[in-house]
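Since the structure comes first, as structure tokens, the remarks are kept for the end.
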Amino acid sequence: MVKEFQELKPETQRILREIKKVPYGQVSSYRDIAVRAGLINGARQVARALHGLSEIHQLPWWRIIRSDGTIGMHGEGRMEQIRLLKLEGFEVTDSGKVKQKIDHK
């Protein structure tokens with residue numbers, strides 16, 4: 001069942017707000033989003049929110065990565081995340097490590 005933003009639990013609303021704040025060309029970790037949303041050990045809650053609510057609430061899900069700087073997804077989702085991150089100027093190693101691309105103009 002699709003939930004409107006106002007119908008979500010307050011902590012889920014805070015998670016979504018923090019995810020939406022991650023700007024183009026930047027990434028954030030599940031853990032950092034959780035902390036900014038006031039959930040000290042809420043990284044898994046962030047992952048669940050992304051999994052279930054990204055499309056409905058137009059979240060920039062591809063900008064959220066593991067705290068070690070790697071992509072946490074597998075399969076087609078992983079490939080799509082890599083593609084979208086590259087469009088925003090990131091390099092992604094074969095092991096899934098996300099690196100800010102350096103522009104040498």
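Laboratory data are not the source of any read-out in this text; all were calculated from the coordinates shown. For clarity, every value in this text was computed on a predicted model and none was experimentally measured. Here the Cβ positions follow ideal geometry from the backbone for every residue, glycine too, while neighbour counts run over all protein chains shown.
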Checklist line | Residues satisfying the stated conditions in the range 1-16, i.e. within 22 Å of Gln81 (Cα to Cα) and in contact (Cβ under 8 Å) with a residue 40 or more places away in the chain | finding: Leu16
Check: Picking from Ile64, Ile19, Ile82, Ile40, which residue would you name as being surrounded by 12 or more Cβ atoms within 10 Å (Cβ to Cβ), hydrophobic (A, V, I, L, M, F, W, C) and farther than 23 Å from Asp94 by Cβ?
Finding: Ile19
